[in-house]
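The values are calculated or read from the model by the stated rules, or taken from the named source; none is laboratory data. No experiment lies behind these values; they were computed from the predicted model shown. Virtual Cβ from ideal backbone geometry, glycine too; neighbours counted across all protein chains shown. Protein only, heavy atoms only, side chains kept; ligands, DNA and RNA dropped before computing areas. Shrake-Rupley method; radii C 1.70, N 1.55, O 1.52, S 1.80 Å.
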Amino acid sequence: MAPTAYVQELSKLTSTSDLMSSIALVYFSPTGNTKKAVSSIGELPCVTVKTFDITGNVEVPETDLSGFDFVVFGAPVYAGRIPACSVDRFKKMKGSGTPCALVLTYGNRAYEDAPRELGDIAEANGFRIKGVATMASQHTYGQIQLGRPNKDDIAELQEFYFHMLAKAEEPETVIPPGNYPYKVVETKAKFKPTTNGNCLACGMCIRDCPVGAIEEDIKTVNDNCIGCMRCVKNCPMKAKSVVADAFSDFEKLLSERLKNRKENEFFV
Ligand SMILES: Cc1cc2nc3c(=O)[nH]c(=O)nc-3n(C[C@H](O)[C@H](O)[C@H](O)COP(=O)(O)O)c2cc1C
Ligand code: SF4
Ligand code: SF4
């Protein structure tokens with residue numbers, strides 16, 4: 001179905017209850033690609049959409065999502081897995097046979113075991129997986145698929161939601177792609193950001209770092225750093241960056257290697 005057809009289908013609905021009445025959006029998204037994708041469900045005609053952003057460095061409390069009609073979980077792919085620091089946060093989300101969808105954004109290389117890993121957490125916590133979307137997105141590093149997910153990607157994703165929500169009550173579930181054992185990965189950053197003289201000591205990067213890696217002096221980045229580049233992307237003064245020839249070489253190589261566009265995939 002083309003995106004325009006999707007809009008027409010929506011306009012045929014007589015009331016919001018033809019879809020869902022309450023949807024929870026749960027995402028870990030250091031640089032915003034996953035947030036952008038998952039948030040697009042908010043444009044569907046639902047009665048309520050509640051958002052749980054579990055990216056910041058705060059203790060995520062155990063959260064009962066069984067009262068929602070549908071839950072969307074979103075995570076980026078890090079080295080073919082979901083980010084290690086997000087695992088315990090997703091595990092706090094509890095359902096009770098609650099239908100859900102998984103949205104994985106990845107930087108045009110590969111998603112490997114990440115959908116299966118996120119799906120295993122969701123299933124173990126009482127969710128029924130009704131669909132999985134793997135979205136080829138702008139990579140954190142280099143110049144790869146800039147701007148994705150873009151409006152065409154979002155239109156595809158909304159179409160997927162629409163079909164999936166319509167089948168939410170059916171008993172069938174989807175097995176997410178991925179293999180066992182999951183890939184073994186190194187979670188520590190190879191390249192850590194440094195701080196230049198533009199810094200105004202506003203403290204935003206300290207508060208927002210997903211793993212509390214930025215010390216009070218702002219300049220010191222400890223070994224918790226996962227290289228997510230949230231601080232680099234969000235600093236209003238452009239004071240954070242990775243300054244290393246080896247990093248520039250890595251970005252160039254990666255950009256060349258991943259220059260061919262990958263398509264989004266939807267499993268329903
Ligand atoms: C540490 C790290 C590892 C990554 N590993 C992969 C990977 O294995 N495959 C891939 O295609 N993209 C990879 N990426 C790119 C991200 O998955 C991609 O840019 C994602 O959309 C970022 O999501 P966010 O903007 O919600 O944080 C990696 C990014 C980082 C920071
Ligand atoms: S967000 Fe930027 S300006 Fe603010 S403390 Fe961090 S580095 Fe400094
Ligand atoms: S210090 Fe490291 S982990 Fe923290 S936001 Fe910056 S890149 Fe991400």
Tally, over region 234-268, of residues that are of a type outside the set (K, R) and within 30 Å of Y161 (Cβ to Cβ) = 9
Which residue pairs have Cβ atoms under 9 Å apart, sit 6 or more places apart or on different chains, and have a first residue in region 153-166 that is in the same structural domain as I129 (by TED's automatic domain parsing) and a second that is among the aromatic types (F, W, Y) and assigned to a helix (DSSP H, G or I)?
-> A155/Y6; Q158/Y6; E159/Y6; F162/Y6
Filtering region 72-88 for residues that are surrounded by fewer than 24 Cβ atoms within 10 Å (Cβ to Cβ) and outside any loop (DSSP other than H, G, I, E, B) leaves a count of 6
Among the listed residues N260, N224, N264, which satisfies the condition of being open to solvent by 100 Å² or more (accessible area, probe 1.4 Å), away from ligand 2 (no atom under 14 Å from the Cβ) and not aromatic (F, W, Y)?
-> N260
Determine whether I226 is in a loop (DSSP other than H, G, I, E, B) and within 16 Å of ligand 1 (Cβ to nearest atom).
-> yes
Yes/no for G126 being more than 18 Å from the chain's Cα centre (by Cα), within 16 Å of ligand 1 (Cβ to nearest atom) and either crowded, with 16+ Cβ neighbours inside 10 Å or under 21 Å from F250 (Cβ atoms) (or both) = no
Screening G142, G107, G131 for residues that are more than 16 Å from ligand 2 (Cβ to nearest atom) and either surrounded by fewer than 23 Cβ atoms within 10 Å (Cβ to Cβ) or over 21 Å from S29 (Cβ atoms) (or both) leaves only G142
Being polar (S, T, N, Q) and under 22 Å from P83 (Cα atoms) is the filter; apply it to region 145-193 and report the residue that is least open to solvent (accessible area, probe 1.4 Å).
-> Q145
Can you find a residue in region 246-255 that is open to solvent by less than 70 Å² (accessible area, probe 1.4 Å) and over 23 Å from Y106 (Cβ atoms)?
-> yes
Breaking point among (1) of a type outside the set (F, W, Y); (2) modelled with pLDDT under 95; (3) away from ligand 1 (no atom under 15 Å from the Cβ), for R207 = (2)
